[in-house]
Amino acid sequence: MFEGITDGLKGALSFIDRSRLTEGNIREGLGQVRQALLEADVHFDVANAFVERVTEQALGERVLKSIRPSEQIVGIVHQELVELMGPVDASLPIRRDGLAVIMLCGLQGSGKTTTCGKLARLLKQQGHLPMLVAADLQRPAAIEQLQVIADQIDVPCYTETADSSPLAVCRNGLKQAKANPEIRVVILDTAGRLHVDDELMSELEDIDRKIQPHQVLLVCDAMTGQDAVNSAKAFNDALEVDGVILTKLDGDTRGGAALSVKAVTGVPIKYIGVGEGLDRLEEFRPEGMADRILGMGDVVGLVQRAHEQIDEEEALEQQQKMLEGKFTLDDFSKQMKMMKKMGPIREIMKMIPGMGGMIDDNSEMEDPEADLTRIEGMISSMTPDERSNPDRIDRARRNRIARGSGSDPADVNNLIKQFDAMSGMMQQMAGMGMKDRMKAVKGMSDGGMLDPAAQLRREKTRSKRGPVDTGVAKNQKRQKRKKARKARRRNRR
């Protein structure tokens with residue numbers, strides 16, 4: 001996410017870093033920052049105000065006379081990004097006694113119904129049983145979609161026929177929730193339109209006035225850029241929205257909506273949708289987002305994802321195996337499955353400090369998801385004995401594994417080589433501190449261990465170009481040319 005703004009800001013800040021710092025080239029560099037923000041679809045007034053604040057601080061005596069002024073400027077940009085998007089309180093009004101009512105609203109196509117399911121799943125994980133209420137009676141199949149989502153996450157869902165009124169559905173749903181003492185939260189999925197109109201706002205205001213939800217959350221599609229900001233302003237003017245949920249942020253390469261919505265509307269972003277799965281909703285953290293935008297990673301966000309998706313006992317068991325040198329291809333396969341649960345591999349690696357740039361620079365790392373799937377297929381085609389003792393895999397076994405997984409024997413051979421190197425490195429890493437682990441991870445990446453199919457791609461590329469000249473081959477060619485010259489001289493005589 002945010003590749004456009006990240007690249008633009010990195011380019012502008014590296015210009016400042018390369019230059020001999022004067023007031024003139026600081027202003028020029030920050031002019032590039034402003035251009036990067038505008039190209040990322042940040043609101044014009046927000047971009048101007050942001051650069052003015054950064055410029056005022058960057059031209060201060062404290063920065064210009066510091067030992068590393070360029071680092072100070074990066075720090076100022078980071079802090080201003082945090083303040084631009086925050087502060088944020090992502091907590092919801094869960095009550096000790098009684099029901100908390102949350103109304104979700106937004107334009108049609110913003111992902112509102114799916115977000116209801118994501119929020120319900122998150123609340124259930126936190127120990128609060130939610131009930132979904134299907135009050136979107138405008139969009140065809142919206143009621144059925146919400147019911148399917150509720151079944152998937154195993155929470156109750158209140159529905160009526162499409163000829164009911166949205167207000168009546170909300171009232172009746174609330175009445176049913178009050179009759180069940182286990183239900184703590186009611187989430188109202190209201191109707192949207194393709195654009196903001198009087199009929200939509202009148203319907204939502206009616207529900208807001210008569211149901212009096214404890215919180216109104218607006219769902220916006222981040223990929224619509226400034227349209228998301230404009231719709232947020234219109235909804236807030238009518239309803240006094242308490243927070244925004246930005247969806248499809250994983251597909252938004254610009255980031256303008258995330259940087260603009262709080263400044264323009266005064267409404268904070270509370271949650272972000274970072275994928276299609278019902279587990280892909282995160283609390284919005286301005287610090288983490290600023291870190292990601294500047295390519296600094298997001299360790300806190302990474303730890304939170306790991307805590308949610310990875311079984312702690314299993315992770316400790318894997319670590320113990322590494323320490324004892326008992327790490328097998330079975331364990332390797334389990335580790336890959338854990339990583340895939342946490343989200344797209346590129347996104348995960350970008351959350352590790354120092355690795356965002358490495359991913360961008362590594363053009364061979366085209367599709368790590370597909371590579372991991374191929375590797376899982378090869379490991380699954382091995383016998384339990386082969387997975388525990390890969391050194392026993394000879395040519396005949398390699399051919400059998402390749403046929404079973406639909407791959408080449410060279411793929412299998414390369415996997416075994418990469419695994420041998422990786423298992424040794426992992427054993428060393430298990431006893432290291434965090435700083436040394438980061439160095440080791442960089443070494444693994446440089447060696448292609450984080451992308452086990454990369455070396456095979458290199459080998460295939462070489463084979464297309466033809467054999468590489470070694471020292472022996474060059475010497476043989478020289479001798480051949482020398483003999484040809486001697487033969488030509490003899491013929492002339």
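The values are calculated or read from the model by the stated rules, or taken from the named source; none is laboratory data. Here the structure is a predicted model, which is why all the values come from computation and not from measurement. Cβ: placed from backbone, ideal geometry, glycine included. Neighbour counts: every protein chain shown.
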Quick check on this structure: which one of 266, 277, 325 is surrounded by fewer than 17 Cβ atoms within 10 Å (Cβ to Cβ), at positive phi and modelled with pLDDT of 85 or more? 266
Being in contact (Cβ under 8 Å) with a residue 60 or more places away in the chain and more than 28 Å from residue 233 (Cβ to Cβ), is that true of even one residue in segment 71-83? yes
Report every pair of residues separated by at least 6 positions or lying on different chains whose Cβ atoms are under 6 Å apart, first residue within segment 161-184 and over 18 Å from residue 147 (Cα atoms), second surrounded by 12 or more Cβ atoms within 10 Å (Cβ to Cβ). 167/206; 167/207; 182/129; 184/128; 184/129
Helices (runs of 4 or more DSSP H) wholly in segment 31-134 with at least 3 residues that are in contact with a Leu (Cβ under 9 Å, 6 or more places away or on another chain) - which ones? 44-58, 69-85, 112-125
Taking the residues in segment 183-197 that are outside any loop (DSSP other than H, G, I, E, B) and not aliphatic (A, V, I, L, M) as candidates, determine which candidate is surrounded by the most Cβ atoms within 10 Å (Cβ to Cβ). 189
Working carefully through the options 152, 125, 147, find the one that is more than 17 Å from residue 101 (Cβ to Cβ), at pLDDT below 95 and surrounded by fewer than 23 Cβ atoms within 10 Å (Cβ to Cβ). 125
Out of 138, 147, 126, report the one residue that is in contact with a Ser or Thr (Cβ under 7 Å, 6 or more places away or on another chain), within 27 Å of residue 280 (Cα to Cα) and not basic (Lys, Arg). 147
